[in-house]
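Okay, structure first, notes after.
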Amino acid sequence: MSRSCKSLVVSSLSALALATSLGAAQAQPLTVVELFTSQGCSSCPPANANLIKVKDQPDVLALSFNVTYWDYLGWKDTFGRQEFTQRQVTYEPPLGHDGPFTPQVVVNGRADVVGAAPGEIQQLISTAVHASGPSLSLDNGKVSIGAGAAPGGRADVWLVRYAKGVVEVPVARGENTGRTLPHANVVHSLVKLGSWTGGATALDVPAASGGLSTAVLVQSPGGGPILAAATN
């Protein structure tokens, strides 16, 4: 074989290896990092700041869920919704807690930390058990879920709308009076789209409004593990 032919073969093999490597990287499942926070909680700003540090990492979906149970302290959280509070409450028994608290960071629905100390969120991401559920894709107004084993026979499919990026919120009353608090990837709505029972499934996804981004989570019921996640 001539030197030029050998070079061509080596180049082709290198290109194939690169393509395979890129494909494997693209197939890496998302690590879902949920921060439960409140503008009325004086302990929350450090956790908010720590979520900002990890939100742009490859293969990480960071989401801020603002809860409502601190509103009585004098400041009504501008992003708080009762369904976000209920999501956190549902997580607590499987995670071994008696009730909700802020801040709290839950990763892949499997493990949690307070998230306020430096490096806490990053450490949980690095040790997270990756989702091993069905393939999941968002395209042309539909979410497509591949076939696979649904633990317990069924999983919930959640539609999340969130504002990608960081927003600063001035707080006029309560524990954070006079502070301007940063929030990363604030969730604005959480809706159950349907269920997945193991077969290949396609569900309609309504168009987002107001410039919001979309994420879909396939999750075991009752605050169980997140099996798969996708975002646009």
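The values are calculated or read from the model by the stated rules, or taken from the named source; none is laboratory data. Since this is a predicted model, take the numbers as computed values, not measurements. Backbone-built Cβ (ideal geometry, glycine too); neighbour counts: all protein chains shown. Each accessible area value is taken on the protein alone, full model and side chains, heavy atoms only, with ligands, DNA and RNA left out. Shrake-Rupley method; radii C 1.70, N 1.55, O 1.52, S 1.80 Å.
Evaluating Gln104 against the criteria (1) open to solvent by 30 Å² or more (accessible area, probe 1.4 Å); (2) under 17 Å from Thr37 (Cα atoms) leaves one unmet condition, (1). Might you check whether a residue that is open to solvent by less than 50 Å² (accessible area, probe 1.4 Å), farther than 22 Å from Leu95 by Cα and either hydrophobic (A, V, I, L, M, F, W, C) or in contact with a Cys (Cβ under 6 Å, 6 or more places away or on another chain) (or both) occurs anywhere in segment 207-214? Looking through segment 207-214, at least one residue is open to solvent by less than 50 Å² (accessible area, probe 1.4 Å), farther than 22 Å from Leu95 by Cα and either hydrophobic (A, V, I, L, M, F, W, C) or in contact with a Cys (Cβ under 6 Å, 6 or more places away or on another chain) (or both). Number of residues in segment 27-63 that are over 21 Å from Val218 (Cβ atoms) and in contact (Cβ under 8 Å) with a residue 60 or more places away in the chain equals 20.
So for segment 88-100 (the condition being β-branched (Val, Ile, Thr) and crowded, with 18+ Cβ neighbours inside 10 Å), does at least one residue qualify? No, the conditions are met nowhere in segment 88-100.
Of the residues making up segment 40-68, those that are within 15 Å of the chain's Cα centre (by Cα) and part of a loop (DSSP other than H, G, I, E, B) are Lys55, Asp56, Gln57, Pro58, Asp59. Of the residues Gly194, Gly178, Gly146, Gly99, the single one that is in contact (Cβ under 8 Å) with a residue 40 or more places away in the chain and not aromatic (Phe, Trp, Tyr) is Gly146.
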